[in-house]
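Student: Sending over a structure as C-alpha cells; questions will come in a sec.
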Amino acid sequence: MNLKPAIYLLFGLLLGATTALAQYKDPEMEEVMELKWKKQAKVADLLFEMGSYYNAIEIYKKVDEEKPQRLDIAYKIASASYLMKDYNQAEEWYKNMFAIDSTSYPSAMYYYAQTLKRLGKYAEAKSAFENFKKLPSPKKATDEYNAIKEQVDKDIEGCELGITLM
C-alpha cells in the first residue's frame, strides 16, 4: 500500500486548516479590544490565568499602547512570553520592565536571566543571575522564590560552563 498520497492529503488538509485559522478573527477578541484599558487588562489577566498566553499578550500590548510604562503590564507580557518560550520577546519586555523598576517583582530578574541563558547569552545571563542574588529578599518570600534562591548558584555554574564551551 502506498502511503504517499494519504500523507500528502493529510498534510494539505492540515495546511489549509492552519491557514484558515490564521486568517480567522475572533469577534469576541475584537469586542475586547474596544473596551476601556482597565477592562481589557482584566480580560487579559483571566486569559493569562487560563494559560491562553498568546491572546493575553495581544490584549496586554493594546493596554500598553494606551497606558505605556505600566510596570504590571510589562511584567505580564514578559512572563507570558517566557511561558510561551518566546524568549526574544520575553527579553525585550523584561528590559522594558526593568527600565521602569527592577525591584518590584523580585523573581523577574531570575526569569530574565533564564531567558538570556536560553538565548545562549551566557555572560549576560550570569550577570543577571548575580544581580538577582544581590536583590533583597521580599518580606513575604513564596516557596517559589525560596526555590529559585536555592537554584541560582547552579544556574551561574551553568552559565560559566556555557561561556567556557563557547
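The values are calculated or read from the model by the stated rules, or taken from the named source; none is laboratory data. Note that the structure is a prediction, hence the values are computed from the model and not measured. As a convention, Cβ positions derive from the backbone with ideal geometry for all residues, glycine included, and neighbour counts pool all protein chains shown. Calculation scope for accessible area: heavy atoms of the full protein, side chains included, ligands and nucleic acids excluded. Shrake-Rupley method; radii C 1.70, N 1.55, O 1.52, S 1.80 Å.
Student: Calculate, in nm to one decimal, what Thr142 and Glu30 gain on full extension: separation in residues at 0.36 nm each, minus their alpha carbon distance.
Tutor: Working: separation 112, 0.36 × 112 = 40.32 nm, distance 3.70 nm.
Separation in residues times 0.36 nm, less the Cα-Cα distance, equals 36.6 nm.
Student: Can you list residues from other chains, or at least 5 along the same chain, whose modelled amide H is less than 5 Å from the amide H of Lys121?
Tutor: Distant-sequence amide H within range of Lys121: zero hits.
Student: In the structure displayed, which of Lys62/Lys149; Lys61/Lys133; Lys39/Lys139; Lys95/Lys133 lie more than 22 Å apart, Cα to Cα?
Tutor: Lys62/Lys149; Lys61/Lys133; Lys39/Lys139
Student: For the range 36-166, which whole percent of the accessible surface, found with a 1.4 angstrom probe, sits on carbon and sulfur atoms? Intermediate results must be reported in sequence, preceding the final value.
Tutor: Numbers: 3800 of 7530 Å².
That fraction is 50 percent.
Student: Whole Å is fine, so just give me how far the alpha carbon centre of the range 50-79 lies from that of the range 83-148.
Tutor: So the separation of the two Cα centres works out to 17 Å.
Student: Can I ask one more? Arrange the peptides 100-113, 118-131 so that the one whose residues have, on average, the most other Cβ atoms within 10 Å appears first.
Tutor: Numbers: 100-113: 19.1, 118-131: 17.5.
Averaged packing, sorted descending, gives the order 100-113, 118-131.
Student: Same structure again: If you count only protein heavy atoms with a 1.4 Å probe, what accessible area per residue comes out for the range 58-147, rounded to a whole Å²? Display every interim value, and only then the final one.
Tutor: Numbers: 4700 Å² over 90 residues.
Accessible area per residue: 52 Å².
Student: Can you tally the net charge around Gln40? Count Lys and Arg as +1, Asp and Glu as -1, for every other residue whose Cβ sits under 14 Å from the Cβ of Gln40. Mind showing how you got there, number by number?
Tutor: Working: positive: Lys36, Lys38, Lys39, Lys42, Lys61, Lys62, Lys67, Arg70, Lys76; negative: Glu28, Glu30, Glu31, Glu34, Asp45, Glu58, Asp64, Glu65, Glu66, Asp72.
Summing Lys/Arg as +1 and Asp/Glu as -1 gives -1.
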